[in-house]
1. Residue 39 to residue 17: extension gain in nm, 0.36 nm per residue of separation minus the Cα-Cα distance?
2. Based only on other Cβ atoms within 10 Å, what is the fewest-to-most ordering of 23, 69, 40?
3. Cα gyration tensor of the stretch 1-58, axes a ≥ b ≥ c as square roots of the eigenvalues: rounded (a/c below 1.5), prolate (a/b > b/c) or oblate?
4. Below 8 Å between Cα atoms, with a sequence gap of 6+, how large is the relative contact order for the stretch 1-92 in percent?
5. Taking 0.36 nm per residue of sequence separation and subtracting the Cα-Cα distance, how much length would be gained by fully extending the chain between residue 107 and residue 92, in nm to one decimal?
6. Figure the gain on full extension for residue 10 and residue 63 (residue separation times 0.36 nm, minus the Cα-Cα span) and round it to one decimal in nm.
């Protein structure tokens, strides 16, 4: 609960994975809703965001494709490519995040990978 009375409710499945979050005002009116989908490996592969709480007319959807354990690409609800991820040969060695129509965001890590 936030000082203005806003409340966020969280919902988990039997595998303790977050499946839904709902933000409501002090009167219980839905302000924002988020839903998440997981694959059989437990990786979050889908997210659905209703940013204004008005219903599912125009939710923002993201579907993630994995290459092994690493996210490889994100697609929007229409199947259009949103983001690509570029990894190095090491574990969790993310080099860049490349959004459609954007300059790459390069990640720099120290010797410990931090």
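Only the coordinates and a few stated rules stand behind these numbers; no lab work does. Because the structure is predicted, anything quoted here is derived from the model rather than measured. Methodologically, a virtual Cβ is constructed for each residue, glycine included, from the backbone with ideal geometry; neighbour enumeration extends over all protein chains shown.
1. Fully extending the segment from residue 39 to residue 17 adds 6.8 nm.
2. Fewest-to-most Cβ neighbours within 10 Å comes out as 40, 69, 23.
3. oblate
4. Reported as a whole number, the value is 14 percent.
5. Answer, rounded to one decimal: 4.3 nm.
6. 17.0 nm
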